[in-house]
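**Student:** Sending over a structure as C-alpha cells; questions will come in a sec.
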Protein chains: 2
Amino acid sequence: MSTSTPTAQAQAWLDRFDAALQRRDIAAAVALFGPDCYWRDLVSFTWNICTQESPAQIRAMLAARLDDVAPSNWRVTGDATTTDGVTEAWFSFETRVSRGKGLLRLKDDGLAWTLLTTMVELKGFEEKTGEHRVAGAEHGVHKGRKSWGEQRAEELATMGYSQQPDVVVIGGGQGGIALGARLRRLDVSTIIVEKNARAGDSWRRRYKSLCLHDPVWYDHLPYLNFPDDWPVFSPKDKIGDWLEAYTKIMELNYWGSTTATHCRYDEGAGRWEVVVDRAGQAVTLRPKELVIALGVSGYANVPKIAGAETFVGDQHHSSKHPGPEPYLGKKAVVLGSNNSAHDICAALWEAGVDVTMVQRSSTHIAPSKALMELALGGLYSEQALKAGIDHHKGDLIFASVPYKIMHSFHIPVYEEMKRREAELYGRLEKAGFMLDFGADGSGLFMKYLRRGSGYYIDVGACELVANGSIKLKSNVNIERINPKSVTLTDGSELPADLLVYATGYGSMNRWLADLISPATADQLGKVWGLGSDTPKDPGPWEGELRNMWKPTQVPHLWVHGGNLHQSRHYSQFLSLQLKARLAGLPTPVYGQAAVHHTS
Amino acid sequence: MSTSTPTAQAQAWLDRFDAALQRRDIAAAVALFGPDCYWRDLVSFTWNICTQESPAQIRAMLAARLDDVAPSNWRVTGDATTTDGVTEAWFSFETRVSRGKGLLRLKDDGLAWTLLTTMVELKGFEEKTGEHRVAGAEHGVHKGRKSWGEQRAEELATMGYSQQPDVVVIGGGQGGIALGARLRRLDVSTIIVEKNARAGDSWRRRYKSLCLHDPVWYDHLPYLNFPDDWPVFSPKDKIGDWLEAYTKIMELNYWGSTTATHCRYDEGAGRWEVVVDRAGQAVTLRPKELVIALGVSGYANVPKIAGAETFVGDQHHSSKHPGPEPYLGKKAVVLGSNNSAHDICAALWEAGVDVTMVQRSSTHIAPSKALMELALGGLYSEQALKAGIDHHKGDLIFASVPYKIMHSFHIPVYEEMKRREAELYGRLEKAGFMLDFGADGSGLFMKYLRRGSGYYIDVGACELVANGSIKLKSNVNIERINPKSVTLTDGSELPADLLVYATGYGSMNRWLADLISPATADQLGKVWGLGSDTPKDPGPWEGELRNMWKPTQVPHLWVHGGNLHQSRHYSQFLSLQLKARLAGLPTPVYGQAAVHHTS
C-alpha cells in the first residue's frame, strides 16, 4: 500500500466502500472506518444535517437509509494528498436522486477517520448554468411572446397576489437573500419579507463605524464573488449596497417595508397563512414552506434593570445604536464587552464622547490580524487562493471537520495567539479587563458556534481599553438606573446621558412566540448551539447546530441564518431540501433532533 | 531546435530578443522577425494603439522608442504550443514604467510572425487587488475618521462642484461605464455624464424584443463576471439592470439625466470647460481629459426624403422605435435591412402588424448559431472555457491578430457558413433578398470593423423574410414620402402608418460639431473603420480603428466605445493612457494617425 499514490489509496477505499454499499453489506462498509470515526452528511444520505460519530452510529444510519439512498459512482476528483499520516481526498458520488461531493480522510491504517458527504444537485432539477444556461433570445419568432422585461414585471405584480409563492422567507438580510438566490436558481417561487425598506438596510442602519469582522474571502454570496479589490473588512454601508445590488441581479421577489404580523399553518390546505403588512397594506401569503431568517443575532436581549424607566437620557440596545453624533460632549455607559460593545465604545471615543464599558463577565479577545493568519488564513485568504483553495473548497474543508472534535483543532491556534499577543493580553489584564479563551481554550469560533457571543475580534478598541481611553468597569453589572446615572453592583455610580445595552441576542425561536404562538416556539426549541455543556450551551450533545438549515420539529418550518459564510454555504442544503419537498420527492429524515431546550 | 519544447523555443526567442533590445541592437532585434511580420502594440511601446506591419516599420518604431521604453524581463508564461508549424507563446515583460503581457507566434523557421505587446499596469500605480486590497476597517482607531459611507456621500456631494474631476466621460452606456470602473481602480476622479435617467436606460429604451446579438462569454464587463446562469443572449432590460447594478457596485460618479451642452478647451487653465445640464441645473465641469463615449452606433443617420414632412403617421429612427404595441392593426414600412431592421420587423410581425422591409442594398446574413460555433466559439464559449480560454485570454488572442491579415482568417469561416446554411441562403434569395458576405467574403466581423453596418445576425427574422411573413421590397429605396404611403424608386407605392428609418449611424465625431465646434469635429476626423478601401471604409489603410481608444489629433480628447467586448478590453488601454498623463509621466506618442476623412 505504501507504494501506491494517495489518490490510488483513496480510490481503492472508495471502490471497496462502493462495492460494500452496492451489495448492501453494511458490516463490510462499516469495517472500512476506524474505531475513531465521523461521517458528516449534508442531506445526501439523511435528508438532514447530521454527523454519525462512531461505527455503531454509521451502522445504524446505513441500516435505515442505504436501500433508499442507493449510492454509487464514488470517484476521487483531483489529486489526493497525504500529510502527517492522514490521506485527504475529494470525491464525487451519486445517490438515487442526487449528485454529491465529499471529502474523505484516511488514517495510515487505511481506515476512514472522517467522511463528509454533501448534496450538490437533485437529478432532473439541475441549475441551468454553463452550457445549460437559457438562451435569453428565443431564436425563431412566434406571435405574442413576452420579453424578459414583461415577464419580470408580471411576476412582480402577481406574485403574492394572484400567484402564491411556494416559499416565504421572513427576514431579508444576508440569510434570506442568499437562500432566495439559491431558490430562484431551482425555480422555486419565493417571496422574501423584510421590515426595512431596502435590501442591505439591516447593515446600513447599524452604528456608523461597523465593518464586517470576517474577511472578504469568507464572505462571498452564492454565484457572484466580490470584485477582487473588495476591502478585506467590508464597511457596513458598502456591504449593504452590495446586498441590494445582488438582490436585483438575482431577480429576487424582495418585499421591503414589509412586516410579518401573524402566521399559522393551515393543515387542510397544506399551506401556511402568512399575514404581512406591506407598506400599510395587509396581504396574506400562502406558501407551502416557511423559512425564518430573522438573524441568529436578531432577537435583542435587553435586561430588565430597576429604574430604567426613570432614565432621562437615551437608552437602547446596541442593534439600535445610531453612532456617536447625537452624543458629542456627553457621557456614555455601554453595558457589555463583546464585539458591538467594543465597536460602539471606540466610535464614541473617536467622536470625543466620554465612554465607560461595563464588563460583566470575562471576554475572549482575538486580535483580527492574528485571527486571520492563525484561524482563517488556511481556508480563506489570498494565500489559500494561491494554494488552490477558493471559498467553495474552503467551505467543504470547513464542513468536513466534525463538531465533536473541532475544538481540538482550535485549541493550538489560540495557544499560539496567546503567545503572539502576550503583550496586548497583559496590558488588558493590567487595565482590569477579564479575559478568557473559552471553557476549554478553544477560542472564538467555538464560542460562536456554542453560544454566539463572548468575544471581540479586536480591530483597535483593545488598545483604547488598555490605555484607558475607553474607561473600564469590570466584574460588575448595573444594579440600578437613575435619571442621570447608573449605580453598579460594586456600589459605584457612573454619570450617564447615554446607556447602550450591548447585551446580545436571544434564541431565534423567540420570534415565533409572537409570530405564530408560544407553543410553536417551544415546539421548535432553542436555535443555535451544539449542546457542548459549556456556558450558555447546555447539553446534551447535539452534534450539529440546533435547528439550523435542517428539518425542525415544526413541519414545513425552517430556520436559516448565520454569518455570510454560513448563509452562503448552508443555503445550498436548505434550498435542496425545500426543492425536493416541493418537487414531491420522498424525503425521509434520519436522525431528526429532539428538543431539549426551549430558549 | 526540433528537439526542444515549444516553450523552450519561445523562451529562446524572447531571450535573444531581450538581449538585442538590452544592447540597443535594433538590427539584431528586427532580424528575429520574418519578412512577413506584424507587431501590434497596445500602449506599452508606443503610447498608442498601432501595428507595425513589416521589418522596416518595426525598425523605425524601435529606433524611435527603444531607449525610452527600456524593455526587459521577457518570460514565457504557461506552456507554449505548436500547431501547424506555428508556435504560440504567452509572455510577460516590463518597460521602464510598466508591466505587460504579450503573445508571440513563431513560424517554423524560428522567426516571429506576430507579436502582441500590451500594457497591464503602470509601476507605482497598480490596482489595489488581491493581497494589495484595502483593509476597509482601519485597524486601530483615531479621532474624527470618516466611515466609507460618509466619504462616499461627501464625494457624491462635492465632485463636480467644489472638487473637479480629472476626467469627464460624455456618454454613460457600456463604454462609459466600463471605462469609469477602470479609472476608479486607478484612483482617477471621474464623472460620467448620461442623458438618460438611469444607467442601462440606453438599452432599456430600445425596442422591446431586443436581445444582445453577442453571447454572454463575449460580454463581461471588467472586474465582475456575469453569474454562470446568465442567458446566452441577454435581454435588453436585463443587461440594463446589470449595467445599473454594476455602476453602483463600482462606485461610479454617474450623473444621469444630464446632458453636455457645450465644451471648450481652456488652454490657459489646461482644462476643459464642459457645460452640462444636470436635471435642469447648469453645471460647469473642468476636467483635464475629456472622453467621448456616445456610442459607435449613436449618432443616428436619418435620410432626408422628399415629402417626409407630409407623412401623417409616426416616423422615427430605429433608435427611437418603442416596439410594436402602438401599431397594432397598422401598416409599417421599415427602411433598411440590418440588425435593427430585422429585429423591428420581426417584433412588428409577432404583434400582428403588417410590415414591409425595404432593402436598399445587399446585406450579410450570419445565422446566430453558426456564427457562435464557427466564429466566436473558439475564444468565447463554454468550450473555450473548458479549454482554458477565459475572456481575458480570449481578448488577447483576439487582439493578437493584426487587422491587415484578419480577413484571411475570416474568409474560410464564412465559406463554411455558406455551406452549412445553404438552404436558408437559397430561400432568402428566392424571396428576393440581396445577400453578400462582404467585399472580400470575410463576413460579419470585418464588416463591423470596417463600417459598423451591413449585416444581420439571424435570430429568427430571416425565416419570416423567406416565408413572406415579413414582406420584402429589395433593390429599391424610398423615392418619396406621401401622407399615408411611401413611393419606392421602382414606382410602386406602399401604404404606411409607421415608417421606421433603420438607416444606421454616422461617425461619432459628428457629435463634436454641436458639442465643441465643426472645426474640432473635422480636426478629430472620422471615427471607426480601418481604411480597408471597401464600401463605407475608404482608404488609405490605417492599420487600426480610426480614433478609437488612442490619442487623437485633438489634444486631451479621446473616443471610447464599441460592443461590450471592446468596451471591456480597450477601456484597459484607454484608462492607462489617461492615468499616465494625469500622473505626469512622459507619454510620447509614436505613429500618431493622420486624419484622412472628416466623416
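**Student:** Pick out the one residue from B:R96, B:R145, B:R105 that is in contact with a helix residue (DSSP H, G or I) (Cβ under 7 Å, 6 or more places away or on another chain), more than 14 Å from chain A (Cβ to nearest Cβ) and of a type in the set (K, R).
**Tutor:** Only one candidate qualifies: B:R96.
**Student:** So for region A:277-285 (the condition being buried (at least 19 other Cβ atoms within 10 Å of the Cβ) and modelled with pLDDT of 95 or more), does at least one residue qualify?
**Tutor:** Here is the first cut: in region A:277-285, the ones buried (at least 19 other Cβ atoms within 10 Å of the Cβ) are A:285.
With modelled with pLDDT of 95 or more added as a condition, the list becomes A:285.
Checked region A:277-285: at least one residue is buried (at least 19 other Cβ atoms within 10 Å of the Cβ) and modelled with pLDDT of 95 or more.
**Student:** For region A:300-315, state whether one or more residues are assigned to a helix (DSSP H, G or I), of a type in the set (A, V, I, L, M, F, W, C) and farther than 27 Å from A:R546 by Cα.
**Tutor:** The answer is yes; a qualifying residue exists.
**Student:** Specify which of the listed residues (A:E131, A:E154, A:E127) is within 7 Å of another protein chain (Cβ to nearest Cβ) and without any contact (Cβ under 8 Å) to a residue 12 or more places away in the chain.
**Tutor:** Values: A:E154 fails: within 7 Å of another protein chain (Cβ to nearest Cβ); A:E127 fails: without any contact (Cβ under 8 Å) to a residue 12 or more places away in the chain.
So the residue among A:E131, A:E154, A:E127 that is within 7 Å of another protein chain (Cβ to nearest Cβ) and without any contact (Cβ under 8 Å) to a residue 12 or more places away in the chain is A:E131.
**Student:** Let me ask something else about it. Please return the ranges of helices (runs of 4 or more DSSP H) entirely within region A:156-250 where 3 or more residues are modelled with pLDDT of 95 or more.
**Tutor:** Here the list reads A:174-185, A:236-249.
**Student:** Starting from residues that are open to solvent by 10 Å² or more (accessible area, probe 1.4 Å) and within 11 Å of another protein chain (Cβ to nearest Cβ), keep the ones in region A:337-357 and report whichever is farthest from the chain's Cα centre (by Cα).
**Tutor:** A:G352
Condition check ((1) within 9 Å of chain B (Cβ to nearest Cβ); (2) surrounded by 23 or more Cβ atoms within 10 Å (Cβ to Cβ)) across all residues:
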residue	(1), (2)
A:V169	no, yes
A:R182	no, yes
A:S189	no, no
A:D214	no, no
A:L224	yes, no
A:P235	yes, yes
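**Student:** Considering region A:237-246 alone, what residues qualify as being touching a Lys or Arg at 6+ places or on another chain (Cβ under 7 Å), at the interface with chain B (Cβ under 7 Å from one of its Cβ atoms) and charged (D, E, K, R)?
**Tutor:** A:D237, A:D241
**Student:** If B:S209 satisfies every condition in (1) away from every other protein chain (no Cβ under 11 Å); (2) open to solvent by 20 Å² or more (accessible area, probe 1.4 Å); (3) within 23 Å of B:D241 (Cβ to Cβ); (4) of a type outside the set (D, E, K, R) but one, which is the exception?
**Tutor:** Going through (1) away from every other protein chain (no Cβ under 11 Å); (2) open to solvent by 20 Å² or more (accessible area, probe 1.4 Å); (3) within 23 Å of B:D241 (Cβ to Cβ); (4) of a type outside the set (D, E, K, R) one by one, B:S209 breaks only (1).
**Student:** Restricting the search to region A:540-583, which residues are among the hydrophobic types (A, V, I, L, M, F, W, C) and open to solvent by 20 Å² or more (accessible area, probe 1.4 Å)?
**Tutor:** Residues satisfying the conditions are A:W541, A:L582, A:A583.
**Student:** Suppose we keep only residues that are among the aromatic types (F, W, Y) and surrounded by fewer than 23 Cβ atoms within 10 Å (Cβ to Cβ) within region A:499-539. Which one would you say is nearest to A:C345 (Cα to Cα)? Quick ask: steps written out before the conclusion?
**Tutor:** Initially, region A:499-539 is screened for residues among the aromatic types (F, W, Y), giving A:501, A:505, A:511, A:528.
Next, only the ones that are surrounded by fewer than 23 Cβ atoms within 10 Å (Cβ to Cβ) stay: A:505, A:511.
Numbers: A:Y505: 19, A:W511: 29 Å.
Here the answer is A:Y505.
**Student:** If you don't mind, another one. Take the residues of region A:251-263 that are assigned to a loop (DSSP other than H, G, I, E, B) and within 14 Å of another protein chain (Cβ to nearest Cβ): which is nearest to A:V283 (Cα to Cα)?
**Tutor:** By that ranking, first place goes to A:L252.
**Student:** Then there is this: Within region A:412-423, restricting attention to residues that are surrounded by 17 or more Cβ atoms within 10 Å (Cβ to Cβ) and not acidic (D, E), which residue is nearest to A:S469 (Cα to Cα)?
**Tutor:** A:M417
**Student:** Name the pairs: first residue in region B:394-410 and acidic (D, E), second residue outside any helix (DSSP H, G or I) and open to solvent by less than 10 Å² (accessible area, probe 1.4 Å), Cβ to Cβ under 7 Å, at least 6 apart or on different chains?
**Tutor:** none
**Student:** How about region B:324-336: which of its residues are surrounded by 17 or more Cβ atoms within 10 Å (Cβ to Cβ), part of a loop (DSSP other than H, G, I, E, B) and among the small types (G, A, S)?
**Tutor:** Going through region B:324-336, the residues surrounded by 17 or more Cβ atoms within 10 Å (Cβ to Cβ) turn out to be B:324, B:327, B:330-336.
Next cut, part of a loop (DSSP other than H, G, I, E, B) only: B:324, B:330, B:336.
B:G336, the sole residue that qualifies.
**Student:** Could you tell me whether region A:358-378 includes any residue that is open to solvent by less than 20 Å² (accessible area, probe 1.4 Å) and free of Cβ contacts under 8 Å to residues at least 40 places away in the same chain?
**Tutor:** yes
**Student:** Might you check whether a residue that is of a type in the set (A, V, I, L, M) and touching a strand residue (DSSP E or B) at 6+ places or on another chain (Cβ under 7 Å) occurs anywhere in region A:200-218?
**Tutor:** no
**Student:** I need the full set of residues from region B:434-448 which are of a type outside the set (S, T, Y) and crowded, with 23+ Cβ neighbours inside 10 Å, in order please. Spell out how you get there, then give the answer.
**Tutor:** To start, the set of residues in region B:434-448 that are of a type outside the set (S, T, Y) comprises B:434-441, B:443-447.
Matches in region B:434-448: B:F437, B:G438, B:G443, B:L444, B:M446, B:K447.
**Student:** Let me ask something else about it. So which residues in region A:302-323 are crowded, with 16+ Cβ neighbours inside 10 Å and not hydroxyl-bearing (S, T, Y)?
**Tutor:** A:V302, A:I305, A:A308, A:F311, A:G313, A:D314, A:Q315, A:H317, A:H321, A:G323
The values are calculated or read from the model by the stated rules, or taken from the named source; none is laboratory data. Since the structure is predicted, the reported quantities are computational estimates derived from the model, not experimental observations. Every residue, glycine among them, receives a Cβ derived from its backbone with ideal geometry; neighbour counts consider all protein chains shown. SASA here: full protein model, heavy atoms, side chains in, ligands and nucleic acids out. Shrake-Rupley method; radii C 1.70, N 1.55, O 1.52, S 1.80 Å.
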